[in-house]
1. Probe radius 1.4 Å, ligands and nucleic acids ignored: give me the carbon and sulfur share of the accessible area of the chain as a rounded percent.
2. To the nearest 10 square angstrom, what accessible area does S84 show with a 1.4 Å probe?
3. Mind checking the dipole of the chain: about its Cα centre, +1 per Lys or Arg Cβ, -1 per Asp or Glu Cβ, Debye to the nearest 20?
4. What does the extension gain come out to for S84 and L116, with contour length at 0.36 nm per residue minus their alpha carbon separation?
5. Out of the trypsin sites (Lys or Arg not before Pro) in region 50-121, which ones are loop residues according to DSSP with at most 12 other C-beta atoms within 10 Å?
6. Work from the charge dipole of region 50-112 (Cβ charges, +1 for Lys and Arg, -1 for Asp and Glu, about the Cα centre) and give the residue of M108, A74, S62 farthest towards its positive end.
7. Sum up the lysine pairs in the chain that clear both bars: alpha-carbon distance under 22 Å and a spacing of 8 or more or different chains.
8. Please work out how much length the chain gains when fully extended from T68 to N32, using 0.36 nm per residue of separation minus the C-alpha to C-alpha distance, in nm with one decimal.
Amino acid sequence: QVQLVESGGGLVQAGGSLRLSCAASGDIVSINAMGWYRQAPGKQRELVATLTGAGRTNYADSVKGRFTISRGNAKNTVYLQMNSLKPEDTAVYYCHAADVYNTKGYGMNYWGKGTLVTVSS
């Protein structure tokens, strides 16, 4: 089994910064990509940023230039640095791991439980 644990959410004023962390643990041989998604109240979950094992990044247009996804020094960790936060960034942020291969060879996708980010105006 694989677990994704997020941390770093909270309340911040508009223009402020937060850094989210996600650590994947369990039966993991390799992870193809990790990323962050968010879901605001009454809206569908949407992609925020992804990072592949090869180092390729992808960002939603709404966060380009403000958010940065990076790999942590610890294995299977990923960060999301969020700067110049806006009230519309308020959402539950979910960590996602894609194509996680374990010792049995299976590739599956996993989600964390989410961390709430609230940006006040």
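The values are calculated or read from the model by the stated rules, or taken from the named source; none is laboratory data. Quantities reported herein were computed from a predicted structural model and do not represent experimental measurements. When we count neighbours, we look across all protein chains shown, and the Cβ atoms used for this are built from the backbone with ideal geometry, even at glycine. When the accessible area is computed, the model is the full protein with side chains, heavy atoms only, and any ligands, DNA or RNA have been set aside. Shrake-Rupley method; radii C 1.70, N 1.55, O 1.52, S 1.80 Å.
1. For the chain, the apolar C and S fraction of the accessible surface comes to 48 percent.
2. Per-residue accessible area (S84): approximately 60 Å².
3. Charge dipole of the chain: 100 debye, to the nearest 20.
4. 9.8 nm
5. Hits after loop and neighbour filter: R56, K64, K75, K104, K113.
6. So the residue we want is A74.
7. The number of close lysine pairs in the chain is 6.
8. Gain on extension, T68 to N32, equals 11.1 nm.
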